[in-house]
Amino acid sequence: MTGANVFSSKGGLAYTELRRRITSGELAPGSRLSQYELAEEMGMSITPLREAIRRLASEDWVVMDTHRDVRVAAMSASEARELLEARFSLEPSATELAALRRTEREIAAMRAAADALLPVTRTWGEEAIAAHRAFHRAIYTASHNNVMIRLLDDLWDKADRYRRIGLELPAGAEPRTIDLNQHHEILELVVIGDGAAAAGLVRSHILNSLGAMVTDTLEGREHAAYHPIAGH
């Protein structure tokens, strides 16, 4: 194996681990990455770590400044809005395709994922977020459209950071039973092959999701910061 291939392999491992830490919140938004410490911790030289960082930067997970400092990308209302709009455009279409293309094995996987669902609330936390994602992924992977699947995988990785914010908002303390029930309704529409109805319900589901509430909250905070009330 050549040195380049060794670095490429180790760079891939570093990329996967750093991305996991960012998406889980272990590396907080805006935090500085200590590259030499991370390389030592992962048991590799600085070269493959930097390879991983360049790849993460190209995907907007980290930001590199002119002084070679690297920070985890901050979270913003504008990114939250873009993620919501992208999901609204892509996921209903993927769901409609899933209703046409799903196999019996995929239906079984969807039902298993639905059985594991929990309300995405502060009470259930990370367990609910993981189950929620697994259900939606079971649906959209049945689209058999690899481009859509890759885009949605990346979108969900980034959007889950915002869902964690949602757990701390007042909405995060609500039971969210409507959301939970809609998942089962979406599943049954996909199973019977009613793609149009499934896509329509997914659109409504997204517009009333915790992610949408987080987006509205962040936009409201940014507006208040830029337009303070006179006299205050």
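The values are calculated or read from the model by the stated rules, or taken from the named source; none is laboratory data. This structure is a prediction, so every number in the text was calculated from the model and none was measured. Virtual Cβ from ideal backbone geometry, glycine too; neighbours counted across all protein chains shown. Side chains are part of the model used for accessible areas, which takes the heavy atoms of the whole protein and leaves out ligands, DNA and RNA. Shrake-Rupley method; radii C 1.70, N 1.55, O 1.52, S 1.80 Å.
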**Message:** Please go through region 98-107 and give me each residue that is surrounded by fewer than 21 Cβ atoms within 10 Å (Cβ to Cβ) and in contact (Cβ under 8 Å) with a residue 60 or more places away in the chain, ordered by number.
**Reply:** LEU100, ILE107
**Prompt:** Any chance region 169-192 includes a residue that's surrounded by 14 or more Cβ atoms within 10 Å (Cβ to Cβ) and in contact with an Asp or Glu (Cβ under 7 Å, 6 or more places away or on another chain)?
**Reply:** no
**Message:** Quick check on this structure: which one of GLU51, GLU91 is assigned to a helix (DSSP H, G or I) and open to solvent by 30 Å² or more (accessible area, probe 1.4 Å)?
**Reply:** GLU51
**Asked** Any residue in region 76-84 that is over 17 Å from the mean Cα position of the chain (by Cα) and among the hydrophobic types (A, V, I, L, M, F, W, C)?
**Response** no
**Fill in**
Conditions (1) over 29 Å from TYR15 (Cα atoms); (2) open to solvent by less than 20 Å² (accessible area, probe 1.4 Å) -> HIS136 fails only (1)
**Request:** Considering each of ALA171, ALA99 in turn, give the residue that is of a type in the set (A, V, I, L, M) and modelled with pLDDT of 90 or more.
**Result:** ALA99
**Prompt:** Identify, please: which residue in region 54-77 is in a strand (DSSP E or B) and open to solvent by less than 10 Å² (accessible area, probe 1.4 Å) and is, among those, farthest from GLY166 (Cα to Cα)?
**Reply:** VAL70
**Asked** Among all residue pairs at least 6 apart or on different chains, which show Cβ distances below 9 Å where the first residue, located in region 189-200, is more than 14 Å from ALA108 (Cα to Cα) and the second is basic (Lys, Arg)?
**Response** GLY193/ARG102
**Prompt:** For region 158-226, which helices (runs of 4 or more DSSP H) that fit wholly inside it have 2 or more residues that are among the small types (Gly, Ala, Ser)?
**Reply:** 195-207, 210-226
**Prompt:** Failed condition for ARG176, given (1) among the charged types (D, E, K, R); (2) modelled with pLDDT of 90 or more; (3) at positive phi, with all others met?
**Reply:** (2)
